[in-house]
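The structure appears right after this line, and notes come after that.
Nothing in this text is a laboratory measurement; each read-out follows from the coordinates by a stated rule. The shown structure was predicted, so the numbers you read here are calculated from the model rather than taken from an experiment. Cβ placement follows ideal geometry from the backbone for every residue including glycine, while neighbour counts extend to all protein chains displayed.
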Amino acid sequence: MSHKRSGLLPGLILGLLAALVCAAALGAAVLFQSRLPAAVTTFGNGHPLSVTSSLAIALLVALAMGSVRPRSIALIPVAALYAGGAVVSGQIVGSSIMIGATLRTPPAERGPADLADITLDNLSAGLPYASSLYRDPLAETWAAWLYIAVAALAALALLMRRVVRVRRAQRARAAEAEETKEPEYRAPFEPAQSPDEQPSTDFFTPRKPARD
């Protein structure tokens with residue numbers, strides 16, 4: 001019952017689904033980036049495009065988790081984890097398939113990436129190389145970590161704002177309902193307890209005389 005009131009369980013499920021969709025979309029963007037206009041992919045060494053993608057992932061994850069009107073503070077760090085994980089998964093999966101297709105295709109037959117390249121063989125072949133993206137020294141992989149940090153911090157800030165607004169609105173409604181609640185009616189000079197009611201265990205109170 002607490003999960004329903006706080007939105008914890010629905011938020012976790014919707015956030016996970018949004019993160020999976022975002023990871024798949026980012027992986028496809030990495031794989032098919034050669035089909036994008038060169039002016040887009042080469043502008044600013046590709047950093048503006050990647051940062052924009054991270055912000056879009058953070059926004060989608062936060063919107064999905066915030067759509068259930070969450071009150072649970074535990075969802076806030078989870079949103080950062082989902083968004084950052086989506087960036088990592090998308091980059092690794094997309095890069096693995098791209099590298100695997102390149103390694104398993106003769107140079108004379110290489111061309112732009114297509115849907116036929118999305119295979120488990122290409123993924124497994126390129127995975128060791130793509131994973132090194134996060135194992136190399138920070139001086140060489142700072143951009144990859146920057147994109148993760150942007151997605152995680154943006155998702156955290158967006159969902160925190162949503163949770164704070166929901167909790168504040170619910171407190172305001174509760175206070176308003178308490179103020180408008182009608183007090184219990186009691187007639188003037190009405191005693192809280194009837195004088196005829198006397199405790200049965202009081203041995204010092206004289207009993208009433210029996211009536212004929």
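Here the dipole of the range 1-112 is about 360 debye; that uses its Cα centre as origin and unit charges on the Cβ of Lys and Arg (positive) and Asp and Glu (negative).
Distance between the modelled labels on TYR129 and LEU103, one decimal in nanometres: 0.7 nm (7 Å Cα→Cβ projection).
If R0 equals 25 Å, the separation of the Cβ atoms of SER67 and GLU176 corresponds to a calculated FRET efficiency of about 0.50. Each 5 Å bin from zero holds the following percent of Cα-Cα pairs in the range 1-76: 3, 16, 20, 17, 12, 10, 9, 7, 4, 2, 0.
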